[in-house]
Amino acid sequence: MSYLELTNVQKLFGATVAVESFNLAAEKGEFVSFLGPSGCGKTTTLRMIAGFEQPTSGQIVINGQDVTYMAPNRRNVGMVFQSYALFPNMSVADNVGFGLKVRKRSKDDIRKRVGELLEIVNLPDKGNRYPYQLSGGQQQRVALARALAFEPQVLLLDEPLSALDAKIRVALRHEIRSIQRQLGITTVYVTHDQEEALSLSDRVVVMSEGRMEQVGTPFEIYNFPSTAFVASFVGTLNVLPGVVTDAANGALTISGQRVRIARAFEGNLGREVSVALRPEMVSLGADPAGGENHVTGKVTDVSFLGSIVRIRVSLSEGGPTVILDEFNEPTLHLPELGETATITFPADGPLVLDAKAPLDSVEALIAEA
Amino acid sequence: MTQTPFGMRTPGALESVEASARPTRTRPRGLSRSRVASWLIFAAGIFYFFLPLVATLLFSLRLQPLGQAYANVLERDPRFVSSLVYSGLIGLATIVISILLIVPTAYWVRLRVPRARPYVEFITLLPFVIPPVILVFSLLRAFSGPPFQLSGSHEGLNVLVVCAYVILSYPYMYRAVDSGLRAIDVRTLTEAAQSMGAGWGRILWSVILPNLRVALISGAFLTLAIVIGEYTIASFLVRPAFGPYLALLGRDKAFEPAAVTIISFGVTWLAMGLIAFLGRGSRQNVQLTGGR
């Protein structure tokens, strides 16, 4: 039996289905992220694990104990909130020691444990400060220490980094992962930030409209999305209209330009399809090393995104635009806006989706693969 | 780097570049004119509020020798101190009962039944609508016979007067507490405490009440001010309170009521100073009452 199990968990708010048929089995020490857009049910699911919401149906088991209808204060589950939720009237040490005080531990025990936790979160000298005297990142560290102090069975984090600026967010997420590994605590992390979910987790649950779209390792989620939603939500995806010319040989046209796709697809001559292609599969230039497919278009945009440069190439006037990413290297030759450019991608790069029902067909194609 | 059928050769994760838009500061035109207007309005307000006070002070000092009216009240009239102490004690009892009733109610409404807020707010307005004389007659009728006969003894009447004052101070205390609760994230703080194993009692005592300190102090002093100045209920229930004493004094003497008014005013200012003193260091805004 897994350490944390959610079986057929469903949550209704009136007639609205917030979460449906949610099933998850997480092992002890595993780091699982719930990833999805706002309103997809990820926080509701987390709140059901914490006990702040009761499932309409289904079962939640932690370490073999059914906690489905157990009060939150009896679950031994630590939670970190987006807004930190530190008690403003208490010092950092009192905040961290609150859970231990509730459990009637001795003062010496509390002092020792608080000291340990503050060391772990790199705030050893901040015990006497009050929350308003700390920065956002420090407050969230205190919140993490507080949630870990009483040695909970499961640690829940509800978008803990959303309120922080980008640099602190990246630094703190590494700290969270490192502390989680160090303590070996089963962790559920809610986020809408795919980068966070992919970089932190052992497994990611991608959710949409209350449903689990896919559960898998970050590698599987990114590279083998099982639904079109996952493919489009995780990373950036080009979806281009194509027309089948010879399905048996993987040939089709995009904006009238011939393309070959290695992965099998069905369709009679002239059938309209959608072609899904990741930006990083596409290279600028006609270098054969980039793949066997070469198409041309006009450069419509060049954006610097730090380590990468994102280029948009329109394949025809008013037609589809291909987004491609290049490493931002000093030797990189950037095209001018309006310049005609050739782009290259391998035959095994794209996936063909049914034009009429593109959202359903990726799953079948992946299954075939 | 591994190449897979559907991705990963170069980093494809989104990175955003945030453009920071800095608001430009422009100096509003006619600032000096509006500032003059502000000072004029402020001066008119000061004049409006302080003129009667200054007049009362001057009148209270006209009894010779200087300060005799104050001496008469403070040194020669034991009823001043006794009525003030009585009203103070009744006020304290009112504050304690109000806090015990209103804090859990306002907390629960905000946490669990926010839809009930308009109804509760409507109820808080009732003491403004129902005159105290109706309230006191209702109390006397309800509690002058079994099973709860309270009007036959001093203790019973003291209980009745406290109950009546709890009702009278309800709008002020409720709004002060509600404003305090609005200033903190009640739901998240409660959930954070629950996740650490705290029950309702501990959450209220250790988390909610300390964060309502300023709101409670504000509500408490408003309640005290109402109780100390109240006349109708205390008079009908024949209580030796400060309100009836003031009325009696006004009927019999000329300069002493003015002196008592000034003393009461000083006590009120002292109380306000105490609010500021006890609320110092708190990051909550001190708000006496009303919504924001």
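The values are calculated or read from the model by the stated rules, or taken from the named source; none is laboratory data. Predicted, not measured: the structure shown is a model, and the values here were computed from it. Please note: Cβ atoms are built from the backbone with ideal geometry, for glycine as well, and neighbour counts cover all protein chains shown.
So, in the stretch A:91-121, how many residues would count as being free of Cβ contacts under 8 Å to residues at least 12 places away in the same chain, within 13 Å of chain B (Cβ to nearest Cβ) and part of a loop (DSSP other than H, G, I, E, B)? Matching residues across the stretch A:91-121 total 2.
In the stretch A:72-84, the qualifying residues are those that are touching a helix residue (DSSP H, G or I) at 6+ places or on another chain (Cβ under 8 Å) and in a loop (DSSP other than H, G, I, E, B), and the one that is farthest from B:Thr190 (Cα to Cα) is A:Arg75. Annotation: A:Glu266 fulfils all but one of (1) surrounded by 18 or more Cβ atoms within 10 Å (Cβ to Cβ); (2) out of contact with any strand residue (DSSP E or B) (no Cβ under 7 Å at 6 or more places or on another chain); the unmet one is (1). Scanning the stretch A:12-32 for residues that are in a loop (DSSP other than H, G, I, E, B), more than 14 Å from chain B (Cβ to nearest Cβ) and more than 17 Å from the chain's Cα centre (by Cα) yields A:Ala15, A:Glu27, A:Lys28, A:Gly29.
Among the residues of the stretch A:33-49, those identified as away from chain B (no Cβ under 14 Å) and surrounded by fewer than 22 Cβ atoms within 10 Å (Cβ to Cβ) are A:Ser38, A:Gly39.
Which residue, of B:Ser98, B:Ser138, is out of contact with any strand residue (DSSP E or B) (no Cβ under 7 Å at 6 or more places or on another chain) and either modelled with pLDDT under 90 or among the acidic types (Asp, Glu) (or both)? Outline the logic, then answer.
Numbers: B:Ser98 fails: either modelled with pLDDT under 90 or among the acidic types (Asp, Glu) (or both).
B:Ser138 is the lone residue from the list that is out of contact with any strand residue (DSSP E or B) (no Cβ under 7 Å at 6 or more places or on another chain) and either modelled with pLDDT under 90 or among the acidic types (Asp, Glu) (or both).
Restricting the stretch B:193-206 to residues that are assigned to a helix (DSSP H, G or I) and facing another protein chain (nearest Cβ under 10 Å) leaves a set whose member that is surrounded by the fewest Cβ atoms within 10 Å (Cβ to Cβ) is B:Trp200.
For (1) in contact (Cβ under 8 Å) with a residue 12 or more places away in the chain; (2) assigned to a loop (DSSP other than H, G, I, E, B), each residue gets a yes or a no:
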{"site": "B:Tyr107", "(1), (2)": "yes, no"}
{"site": "B:Ala116", "(1), (2)": "no, no"}
{"site": "B:Val120", "(1), (2)": "yes, no"}
{"site": "B:Leu125", "(1), (2)": "yes, no"}
{"site": "B:Phe128", "(1), (2)": "yes, no"}
{"site": "B:Phe137", "(1), (2)": "yes, no"}
{"site": "B:Leu140", "(1), (2)": "yes, no"}
{"site": "B:Gly145", "(1), (2)": "no, yes"}
{"site": "B:Gln149", "(1), (2)": "no, yes"}
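The residue pairs whose first member lies in the stretch B:223-238 and is part of a helix (DSSP H, G or I), whose second member is of a type in the set (S, T, N, Q), and whose beta carbons are closer than 7 Å, counting only pairs six or more residues apart or on different chains, are B:Thr223/B:Thr94; B:Thr223/B:Ser98; B:Thr223/B:Ser169; B:Ala225/B:Thr268; B:Ile226/B:Ser169; B:Val227/B:Ser87; B:Val227/B:Thr94; B:Ile228/B:Ser87.
Candidates A:Phe52, A:Phe87: the one that is within 14 Å of chain B (Cβ to nearest Cβ), in contact (Cβ under 8 Å) with a residue 12 or more places away in the chain, in a loop (DSSP other than H, G, I, E, B) and over 22 Å from A:Gly115 (Cα atoms) is A:Phe52. One residue stands out in the stretch A:55-84 among those that are under 18 Å from A:Leu144 (Cα atoms) and β-branched (Val, Ile, Thr): the one that is farthest from the other protein chains (Cβ to nearest Cβ), namely A:Val80.
If a residue has to be of a type in the set (D, E, K, R) and in a strand (DSSP E or B) to count, how many in the stretch A:246-294 make the cut? Lay out the reasoning, then the answer.
Taking the stretch A:246-294 and keeping what is of a type in the set (D, E, K, R), we get A:246, A:258, A:260, A:263, A:266, A:271-272, A:278, A:280, A:287, A:292.
If we keep only those that are in a strand (DSSP E or B) too, we end up with A:246, A:258, A:260, A:272.
Here the count works out to 4.
Among the residues of the stretch B:105-144, the ones that are within 26 Å of B:Leu216 (Cβ to Cβ) and either among the β-branched types (Val, Ile, Thr) or surrounded by fewer than 17 Cβ atoms within 10 Å (Cβ to Cβ) (or both) come to 22 in all.
Listed here are the residues, each with its yes/no results for (1) within 20 Å of B:Ala193 (Cα to Cα); (2) out of contact with any Gly (no Cβ under 7 Å at 6 or more places or on another chain).
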site	(1), (2)
A:Val154	yes, yes
A:Ala163	no, no
A:Ala166	no, yes
A:Thr186	no, no
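A:Ser135 - would you say it is of a type in the set (Ser, Thr, Tyr), surrounded by fewer than 22 Cβ atoms within 10 Å (Cβ to Cβ) and free of Cβ contacts under 8 Å to residues at least 40 places away in the same chain? It is true that A:Ser135 is of a type in the set (Ser, Thr, Tyr), surrounded by fewer than 22 Cβ atoms within 10 Å (Cβ to Cβ) and free of Cβ contacts under 8 Å to residues at least 40 places away in the same chain.
For beta carbons closer than 9 Å, sequence separation of 6+ or different chains, a first residue in the stretch B:207-220 that is within 13 Å of chain A (Cβ to nearest Cβ) and basic (Lys, Arg) and a second that is in a helix (DSSP H, G or I) and crowded, with 23+ Cβ neighbours inside 10 Å, the qualifying pairs are B:Arg213/B:Gly180.
Determine whether the stretch A:223-238 contains at least one residue that is small (Gly, Ala, Ser), assigned to a helix (DSSP H, G or I) and surrounded by 20 or more Cβ atoms within 10 Å (Cβ to Cβ).
Yes, because at least one residue in the stretch A:223-238 is small (Gly, Ala, Ser), assigned to a helix (DSSP H, G or I) and surrounded by 20 or more Cβ atoms within 10 Å (Cβ to Cβ).
Residue-wise test of (1) exposed (fewer than 14 other Cβ atoms within 10 Å of the Cβ); (2) of a type in the set (A, V, I, L, M); (3) on the phi > 0 side of the Ramachandran plot; (4) in contact with a strand residue (DSSP E or B) (Cβ under 9 Å, 6 or more places away or on another chain).
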site	(1), (2), (3), (4)
B:Glu230	no, no, no, no
B:Ile233	no, yes, no, no
B:Val238	yes, yes, yes, no
B:Gly243	no, no, no, no
B:Gly266	yes, no, no, no
B:Leu270	yes, yes, no, no
B:Leu278	no, yes, no, no
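Can you name the residue in the stretch A:269-287 that is over 14 Å from A:Ile343 (Cα atoms), of a type outside the set (Gly, Ala, Ser) and buried (at least 22 other Cβ atoms within 10 Å of the Cβ) and, of all such residues, is nearest to the other protein chains (Cβ to nearest Cβ)? Checked the stretch A:269-287; the qualifying residue nearest to the other protein chains (Cβ to nearest Cβ) is A:Val275. Within the stretch B:166-185, one or more residues are modelled with pLDDT under 95 and either within 9 Å of chain A (Cβ to nearest Cβ) or outside any helix (DSSP H, G or I) (or both). Taking the stretch A:241-254 as the range and being touching a Pro at 6+ places or on another chain (Cβ under 9 Å) and either surrounded by 21 or more Cβ atoms within 10 Å (Cβ to Cβ) or acidic (Asp, Glu) (or both) as the test, the residues that pass are A:Gly242, A:Ile254.
Every listed requirement among (1) more than 12 Å from chain B (Cβ to nearest Cβ); (2) surrounded by fewer than 22 Cβ atoms within 10 Å (Cβ to Cβ); (3) of a type in the set (D, E, K, R) is met by A:Glu213 save one, (2). In summary, A:Asp193 fulfils each of the numbered conditions (1) over 29 Å from A:Ile168 (Cβ atoms); (2) out of contact with any Pro (no Cβ under 8 Å at 6 or more places or on another chain) with the single exception of condition (1). Looking at this structure, is A:Arg141 assigned to a helix (DSSP H, G or I), within 30 Å of A:Leu6 (Cβ to Cβ) and away from every other protein chain (no Cβ under 14 Å)? Against the criterion (assigned to a helix (DSSP H, G or I), within 30 Å of A:Leu6 (Cβ to Cβ) and away from every other protein chain (no Cβ under 14 Å)), A:Arg141 qualifies. Looking at the stretch A:178-191 only, could you name the residues that are surrounded by fewer than 18 Cβ atoms within 10 Å (Cβ to Cβ) and either within 14 Å of another protein chain (Cβ to nearest Cβ) or not polar (S, T, N, Q) (or both)? Listed by number, the residues that qualify are A:Arg181, A:Leu183, A:Gly184.
Scanning the stretch B:152-178 for residues that are free of Cβ contacts under 8 Å to residues at least 60 places away in the same chain and polar (S, T, N, Q) turns up just one, B:Ser153.
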